[in-house]
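Only one structure is covered here, and it is reproduced in the block below.
The values are calculated or read from the model by the stated rules, or taken from the named source; none is laboratory data. None of these values were measured; they are calculated from a predicted model. Here the Cβ positions follow ideal geometry from the backbone for every residue, glycine too, while neighbour counts run over all protein chains shown. Only protein heavy atoms, including side chains, enter the accessible area calculation; ligands, DNA and RNA are left aside. Shrake-Rupley method; radii C 1.70, N 1.55, O 1.52, S 1.80 Å.
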Amino acid sequence: MVAALAFVLAFLVLGLGVVFVAFRGGPRRAVRGGSIASRRGRQLTGVGVTLVVLAFGVAVPLAIAVANGKNHAKRAPGGVTLEADEVAGRALFAKYCSTCHTLAAANAVGKVGPNLDTLHPPKVLVLDAIANGRARGQGQMPAGLVDGQDAKDVAAFVAAVAGMK
C-alpha cells in the first residue's frame, strides 16, 4: 500500500510540474518568466488543474483501495461466508484438487475425479478421501496429497461450498 501511494504521489508531482511548465508557455517562457494570460486567469487555471489532478491522482486510487480493502476472499457462491480455514482450503483446493475435480465455487472443471457439486460430500468423506486416496484402489487419486491442517481446511471448504452455485 505504501509503495502504491509513493508511486501515485511521484506521478502527481511529475504531472503538476509538467502542467506548471505548460501553463507558463513552455520551458523557455517558464525560465524567462514571461506571461501571456492575465494573472487572474493563470490562477484560476492553476486551481482548476490542481483540483482535477487531485481528483484523478488521489481520489480515484483512494476509492479503489477502499473498495478492494473489503475482504472479498470470504465470499462464496450461494451467499456462503467462509471462515478462515475455509478460505485457506479454497487456495489449497485450487492448487491440488482443481485439475481433477469439478467444483463451481473454486472455478474448477476437472473431469478425472467426481463432480463435487453433484456429490456434495460431507467433511468426513473428504478427509477420508484425502487421507486414503480413491478410485477403488486403482490409484487415480493418490493418498495424502495434503495432510494435517491443510487437509482439514480443504475438507471444510469443499463441505461448505459443494453444490452451492
* Condition met for A106 (out of contact with any strand residue (DSSP E or B) (no Cβ under 6 Å at 6 or more places or on another chain), touching a residue at least 60 places away in the same chain (Cβ under 8 Å), at negative phi and open to solvent by less than 40 Å² (accessible area, probe 1.4 Å)) -> no
* To do: Tell me which of these A73 doesn't satisfy, since it passes every other one: (1) open to solvent by less than 50 Å² (accessible area, probe 1.4 Å); (2) closer than 30 Å to A104 by Cβ; (3) at pLDDT 70 or above.
  => (3)
* To do: List the number of the failed condition for G78; all other conditions in (1) part of a helix (DSSP H, G or I); (2) at pLDDT 90 or above hold.
  => (2)
* To do: Give just the number: which of (1) over 18 Å from D85 (Cβ atoms); (2) among the aliphatic types (A, V, I, L, M); (3) open to solvent by less than 40 Å² (accessible area, probe 1.4 Å); (4) more than 25 Å from the chain's Cα centre (by Cα) does L116 not satisfy?
  => (1)
* Asked: Can you pull out the residues in the stretch 21-53 that are under 23 Å from L9 (Cβ atoms), open to solvent by 70 Å² or more (accessible area, probe 1.4 Å) and modelled with pLDDT of 75 or more?
  -> V47, L51, V52
